[in-house]
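A quick write-up on the structure given underneath.
The values are calculated or read from the model by the stated rules, or taken from the named source; none is laboratory data. What you see is a predicted model, and the numbers here were worked out from it, not measured in a lab. Glycine also receives a Cβ, built like all others from the backbone with ideal geometry; neighbour counts cover every protein chain displayed. Remember, those area values only see protein heavy atoms, side chains included, never the ligands or the DNA or RNA. Shrake-Rupley method; radii C 1.70, N 1.55, O 1.52, S 1.80 Å.
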Amino acid sequence: MKDNGETCFIRVKKYKHIILLLLFGAIIWFAKSSAGERFAEVFSEKETSEEVVVVIDAGHGGVDPGKVGSSGTQEKEINLQIAFKLAERLKNDGIQVIMTREADKGLYRETAQNKKREDMEERIRLITKAEPVCVISIHQNSFPDESCKGAQMFYYQGSEQSKRLAEMLQKTFVETLQDGNKRQAKANSEYYLLRKTTCPIVIAECGFLSNPTEEALLVTGEYQDKVAEALYQGFVQWWTERKVGNLDEDRDC
Ligand SMILES: [Zn+2]
């Protein structure tokens with residue numbers, strides 16, 4: 001018996017690498033199978049709210065930096081960082097998010113004669129194709145007077161739903177950032193994106209890069225989280241009101 005035990009021990013020692021490999025494989029298989037189940041669960045949850053599509057448009061990108069702050073911050077970067085944070089919050093609620101860009105790229109071909117025009121046209125094409133419940137276009141502001149600060153929402157003149165969304169967002173910015181912002185949501189009839197989009201859309205100017213204090217805040221992840229939270233809360237309040245009021249017939253701008 002002793003001999004058999006020793007032989008067995010020697011065999012275990014000899015094949016310990018193989019045994020360890022098999023054990024490791026079993027652990028991986030188990031982890032994968034439970035992750036797979038979780039993925040299926042999340043996917044089916046999402047299917048139930050698949051009809052709720054929101055387009056998040058991170059303004060500018062590529063050759064177009066947008067506004068440039070007093071210490072060199074480029075608007076396109078801040079826009080994209082806030083866009084990702086907002087997308088994450090909406091996706092957690094099962095909302096289908098379509099981003100017009102997910103990298104520092106404009107929506108134009110390198111060979112395009114007029115890159116800015118092609119970029120804007122492509123954004124409109126993506127929005128039209130997505131048929132979202134609304135579009136939130138993220139931007140940062142700038143003004144020669146560097147004391148100007150505070151977020152401001154813009155909507156297309158005459159679009160009641162865009163106006164309502166803009167007002168909700170303006171309100172949640174004041175509540176979330178608690179910065180004493182007295183600005184009001186403002187109508188605009190000239191911005192290309194507002195004119196060409198046929199669903200509720202708001203251009204969210206989240207702050208002034210020309211204001212050194214606001215610029216210093218806007219580059220931090222912590223402040224960007226608050227901005228994304230304000231946008232998220234504003235959207236949720238608007239969407240809840242819409243659902244309660246059954247305003248589907250009023251969907252156009
Ligand atoms: Zn901009």
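Phe173 versus (1) crowded, with 16+ Cβ neighbours inside 10 Å; (2) more than 18 Å from the chain's Cα centre (by Cα); (3) away from the ligand (no atom under 16 Å from the Cβ): which is the lone unmet condition?
(2)
Which one of the conditions (1) assigned to a helix (DSSP H, G or I); (2) within 15 Å of the ligand (Cβ to nearest atom) does Gly106 fail to meet, given that it meets all the rest?
Exception for Gly106: condition (1).
Within region 68-84, which residues are at pLDDT 95 or above, within 14 Å of Ser142 (Cα to Cα) and open to solvent by 80 Å² or more (accessible area, probe 1.4 Å)?
Those that are at pLDDT 95 or above, within 14 Å of Ser142 (Cα to Cα) and open to solvent by 80 Å² or more (accessible area, probe 1.4 Å): none in region 68-84.
For residues that are more than 12 Å from the ligand (Cβ to nearest atom), closer than 22 Å to Leu193 by Cβ and within 20 Å of the chain's Cα centre (by Cα), scanning just region 49-67, find the one that is surrounded by the fewest Cβ atoms within 10 Å (Cβ to Cβ).
That would be Gly62.
Across region 126-143, what is the total count of residues that are part of a loop (DSSP other than H, G, I, E, B) and within 16 Å of the ligand (Cβ to nearest atom)?
2
If you take just the helices (runs of 4 or more DSSP H) that sit entirely in region 157-253, which of them hold at least 3 residues that are within 20 Å of Phe84 (Cα to Cα)?
In region 157-253, 160-177, 212-218, 221-245 are the helices (runs of 4 or more DSSP H) which contain 3 or more residues that are within 20 Å of Phe84 (Cα to Cα).
Regarding Lys163, is this residue at negative phi and free of Cβ contacts under 8 Å to residues at least 40 places away in the same chain?
Yes, satisfied.
Take the residues in region 159-170 that are under 22 Å from the mean Cα position of the chain (by Cα) and crowded, with 21+ Cβ neighbours inside 10 Å, then tell me which one is farthest from Gly245 (Cα to Cα).
Only one residue tops the list, namely Gln170.
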